[in-house]
Amino acid sequence: MSKTSDPREAREGAAQVLTFLLGEEVYAMDIRTVREIIQVGPMTAVPLMPGFVRGVINLRGAVVPVIDLQARFGRAAARLGKKSCIVIFDGRHDGEPVELGLLVDAVSEVIDIAAADIEPPPAFGGGVRRDFIRGMGKVGGRFVIILEPGRALDVEEMATLCERAQDEALA
């Protein structure tokens with residue numbers, strides 16, 4: 001029938017996401033996984049890491065790896081610009097919480113996307129592995145790519161890729 005006018009009901013099926021830019025594309029991730037957003041500052045390069053590991057930063061005394069999402073998605077490394085920033089993401093490794101920094105071109109806004117406005121990821125094409133995408137959110141006549149952080153930012157998989165890069169460099 002018609003959509004409800006009760007704002008509480010409308011929010012129940014909604015996904016609250018942080019939207020950000022990678023190149024010209026708008027991506028989103030569940031806001032509950034985002035700890036904070038910081039300016040890009042000095043990063044220390046770590047030898048023998050895959051190209052998507054941009055380096056590490058010192059975040060209030062903690063060493064936080066910074067993942068270049070452009071490179072993680074198989075594209076050229078991101079170019080730093082005036083609006084580039086690092087989204088501090090809460091991940092898990094071996095069941096333990098892990099902080100990761102995600103280098104993005106710009107952060108846009110926090111929005112609600114109703115469950116009815118989220119389509120499954122396309123079966124083909126696209127610039128990102130299908131399993132990295134939770135869904136395609138319809139927002140104002142355009143699509144927002146909603147990431148599945150458990151896959152796109154899988155710390156176990158990234159650790160394996162780092163180990164493989166080290167083994168190849170030492171061989």
*Regarding residue 102, is this residue under 23 Å from residue 24 (Cα atoms) and modelled with pLDDT of 90 or more?*
yes
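Condition first: under 21 Å from residue 148 (Cβ atoms) and out of contact with any Cys (no Cβ under 7 Å at 6 or more places or on another chain). Now tell me which residues in the range 37-68 satisfy that.
Scanning the range 37-68 gives 52, 65, 66, 67, 68.
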*Within the range 32-72, work out how many residues are under 15 Å from residue 98 (Cβ atoms), among the hydrophobic types (A, V, I, L, M, F, W, C) and surrounded by 12 or more Cβ atoms within 10 Å (Cβ to Cβ).*
8
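One line per residue, one yes/no per condition, for (1) surrounded by 14 or more Cβ atoms within 10 Å (Cβ to Cβ); (2) part of a strand (DSSP E or B):
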position	(1), (2)
74	no, no
87	yes, yes
98	yes, yes
101	yes, yes
110	no, yes
122	no, no
*Every residue from the range 124-141 that is assigned to a loop (DSSP other than H, G, I, E, B) and charged (D, E, K, R)*: 129
*Which of the residues spanning the range 142-158 are out of contact with any helix residue (DSSP H, G or I) (no Cβ under 6 Å at 6 or more places or on another chain), in a helix (DSSP H, G or I) and modelled with pLDDT of 70 or more?*
150, 156, 157, 158
_Checking the conditions here, which among 41, 55 is farther than 23 Å from residue 143 by Cβ, part of a strand (DSSP E or B) and at pLDDT 90 or above?_
55
*Would you say residue 116 is touching a residue at least 60 places away in the same chain (Cβ under 8 Å), within 22 Å of residue 38 (Cα to Cα) and loosely packed, with under 15 Cβ neighbours inside 10 Å?*
no
*Here are some conditions: (1) at pLDDT below 90; (2) surrounded by 18 or more Cβ atoms within 10 Å (Cβ to Cβ); (3) more than 30 Å from residue 167 (Cα to Cα); (4) in contact with an Asp or Glu (Cβ under 6 Å, 6 or more places away or on another chain). Residue 19 meets all but one. Which one does it not meet?*
(1)
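The values are calculated or read from the model by the stated rules, or taken from the named source; none is laboratory data. Just so you know, these numbers come straight off a predicted model, no measurement behind them. Using ideal geometry, Cβ is built from the backbone for each residue, glycine included, and neighbour counts are taken over all protein chains shown.
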